[in-house]
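Undergrad: Below you will find the structure I want to go over with you.
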Amino acid sequence: MTKSVLRFAAVIAFTLTVFTGQAAAAQIEVDLSWEGDQEFYMLGTMVYDDSASSITTNDFSALESMTVSFYDPSDVHLGTFEQVTGGVKQYNWFTIDYDIESMSFVDDSDFDFGSDGHSPDDKYLYGTIGQDATLYTGTETQYDQALDTSMPTEITVVPEPATMGLLGFGALGLIRRKK
């Protein structure tokens, strides 16, 4: 039965390659998290295909969707923002530099997640990986209010269980092939 399933998967992959002219890209989903020194935090999800080597502000074509949510230290939800939906950027100030191969944000790169349109409902995390980050809330003036900071900044990336299973299945295939 296992051989027939593998043959079926190979036929589908071959068919996709023939019809699209390229190998099918795997869709990867990762969870994101950040916590500030005052215990405000961000949770998010990013879905992308692994056809590119990176996702940047200038080229985020591999990014299918990205959503971030912010919470205060009492776990009160402050807002959820869809950065990218269906491959389309939703906010002008969205900034990212993510390495697909290492599944991590590039050191010393700037980022801006959330909405910073100077509205009291806006929340955004702005900073530089490995240096500092500040979580802001919008105000009705041109100056936004800082809620929390972190130094040095790290945004944790954790693959979803389905992605981990896919990676594990691939590794198992490589191990079996060597025998």
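Undergrad: From the phi angles alone, apply the Karplus equation (6.51, -1.76, 1.60; θ = phi - 60°) to the stretch 48-60 and give each ³J(HN,Hα) in whole Hz, x where the residue is Gly or Pro.
TA: Once rounded to whole Hz, the list reads 8, 9, 8, 6, 10, 9, 7, 10, 10, 4, 7, 9, 10.
Undergrad: How large is the convex hull of the C-alpha atoms of the stretch 25-160 per residue, in Å³? Can you show the working numbers first?
TA: Values: hull volume 13.3 nm³, N = 136.
It comes to 98 Å³ per residue, whole-number rounded.
Undergrad: What does the charge count near residue 86 come to, summing +1 for each Lys or Arg and -1 for each Asp or Glu among other residues with Cβ under 14 Å from its Cβ?
TA: Numbers: positive: 89; negative: 49, 64, 82.
Net charge in that neighbourhood comes out at -2.
Undergrad: Let me ask another. For the pair residue 53 and residue 146, how long in nm is the line joining their label points, each one 7 Å along Cα→Cβ?
TA: 3.6 nm
Undergrad: For residue 99 and residue 72, what does the FRET efficiency come to when R0 = 35 Å and r is the distance between their Cβ atoms, rounded to the nearest 0.05? Working shown, then result.
TA: Details: r = 31 Å, r/R0 = 0.88.
Efficiency computed from Cβ-Cβ geometry: 0.70.
Undergrad: How large is ³J(HN,Hα), in whole Hz, for each residue of the stretch 62-79 in order, when computed from phi with the Karplus curve 6.51 cos²θ - 1.76 cosθ + 1.60 and θ = phi - 60°, using x for Gly and Pro?
TA: Per-residue couplings from phi come out as 7, 8, 7, 7, 8, 10, 10, 10, 10, 9, 8, x, 8, 6, 7, 5, 9, x Hz.
Undergrad: Follow-up question, since we're still on this one. Just to check I understand the Karplus step: with θ = phi - 60° and J = 6.51 cos²θ - 1.76 cosθ + 1.60, what whole-Hz values come out for the stretch 92-104, glycine and proline as x?
TA: Running phi through 6.51 cos²θ - 1.76 cosθ + 1.60 with θ = phi - 60° gives 4, 8, 4, 10, 7, 8, 10, 8, 5, 5, 8, 6, 8 Hz.
Undergrad: Amide H to amide H under 5 Å from residue 107: which residues, 5+ apart in sequence or cross-chain, H placed 1.01 Å off N in plane?
TA: It is none; the list stays empty.
Undergrad: How much length would be gained if the chain were fully extended between residue 106 and residue 37, taking 0.36 nm per residue of separation minus their Cα-Cα distance, in nm to one decimal? Can you show the working numbers first?
TA: Working: separation 69, 0.36 × 69 = 24.84 nm, distance 2.16 nm.
Length gained between residue 106 and residue 37: 22.7 nm.
Undergrad: If you don't mind, another one. What order, most packed first, do the peptides 35-44, 107-116, 139-148 have when packing is the mean number of other Cβ atoms within 10 Å of each residue? Please report the intermediate quantities before stating the final value.
TA: On the way: 35-44: 17.7, 107-116: 19.5, 139-148: 12.7.
Output ranking for 35-44, 107-116, 139-148: 107-116, 35-44, 139-148.
Readers should treat all values here as calculations from the given coordinates under stated rules, not as data from a laboratory. Worth saying up front: this structure is predicted, and the values here are computed from it rather than measured. Neighbour counts run over all protein chains shown; Cβ positions are idealised from the backbone, glycine included.
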